[in-house]
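First the structure, in the form of structure tokens, and then the observations on it.
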Amino acid sequence: MEKKTGGIVYECVRCGAKVPSEELELRGGEIKCIVCGYRVLKKIRPPVVKRASAK
């Protein structure tokens with residue numbers, strides 16, 4: 001079964017594990033790393049491509 005992560009993805013500050021927001025909702029909405037249990041997560045932003053015209 002393949003997991004589709006289309007929502008917000010967080011990264012644990014301590015161990016670097018990727019934690020999807022769906023996984024946090026399944027665990028009762030508690031903000032905690034699913035690997036090490038650390039409670040500080042940062043939001044991973046998608047890469048933004050900026051295009052500028054060269055005149």
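Considering just Cα atoms, how many Å³ per residue does the convex hull of the chain enclose?
120
Using +1 on the beta carbon of Lys and Arg, -1 on that of Asp and Glu, and nothing else charged, what's the dipole of the chain about the Cα centre, debye to 20?
So the dipole magnitude of the chain works out to roughly 460 debye.
Read-outs: derived from the displayed coordinates by stated rules, not from any lab. Here the structure is a predicted model, which is why all the values come from computation and not from measurement. Here Cβ is always computed from backbone atoms with ideal geometry, including for glycine, and neighbour counts include all displayed protein chains.
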